[in-house]
Amino acid sequence: MATRDYVKRGKAPRKPTRNTKKAPPKAAFPLKWAIIAVLLVGAFGYGLFHLATSTPPENTTPVEQKVEKPKPAAKSPPSSQKAKETLPPQPKEKWSYIEELENKEVEVEANEQEISSRPYLMQCGAYRSSSQADERKAMIAFQGLESHVKTSQGEKGIWYRVVLGPYPLKREAERDRNMLRRAGIEPCAIWYWN
């Protein structure tokens with residue numbers, strides 16, 4: 001069979017695409033919205049100009065109409081006495097919570113922990129090979145926990161289970177499981193110790 005040179009032959013001309021959809025008409029300049037924007041900016045500018053040029057409202061009692069009190073001929077008291085006379089009396093506190101909180105004792109009702117007669121164990125994996133189980137045991141050891149590899153015979157052969165425990169309280173097992181979960185070691189199940 002003879003070799004064919006497709007490079008020298010060149011490319012076949014492209015067939016024109018038949019686009020039956022009409023191109024959407026170009027949007028015209030939104031003259032209506034431009035006029036509205038100019039009017040709003042003009043109204044805002046007029047409002048600022050009006051606020052800047054208007055005079056502030058008059059006080060209820062003009063300065064010229066204030067009546068000056070005649071000065072007594074006697075010697076006036078010192079300014080510190082005037083200040084004491086003009087100040088109102090110190091208000092009494094109407095809240096008594098400060099004294100109540102100092103003498104308050106908080107009573108907390110703690111739920112009693114369930115103390116089981118059987119200890120708990122936590123299993124963090126069951127593997128077919130002992131090397132995988134030892135690898136998981138090492139990952140748990142890096143978190144500061146001690147685990148054991150137990151061998152068990154199942155229906156499908158030998159299983160290597162990585163277990164932690166025994167735990168006297170389930171709360172302690174939950175604490176360790178949450179620590180392992182934060183380290184990315186999942187799933188771990190808590191059961192009664194057999």
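Reported count of residues in the stretch 120-135, each being more than 14 Å from residue 185 (Cβ to Cβ), surrounded by fewer than 16 Cβ atoms within 10 Å (Cβ to Cβ) and in contact with a Gly (Cβ under 9 Å, 6 or more places away or on another chain), is 1.
Restricting attention to the stretch 159-194 and to residues that are small (Gly, Ala, Ser) and without any contact (Cβ under 8 Å) to a residue 60 or more places away in the chain, the residue that is surrounded by the fewest Cβ atoms within 10 Å (Cβ to Cβ) turns out to be 184. Each residue in the stretch 136-158 was checked for being surrounded by fewer than 16 Cβ atoms within 10 Å (Cβ to Cβ) and part of a helix (DSSP H, G or I), and 3 of them qualify.
Where a number appears in this text, it was derived from the coordinates with a stated rule and is not lab data. Being a predicted model, the structure only gives us computed values, none of them experimental. Cβ: placed from backbone, ideal geometry, glycine included. Neighbour counts: every protein chain shown.
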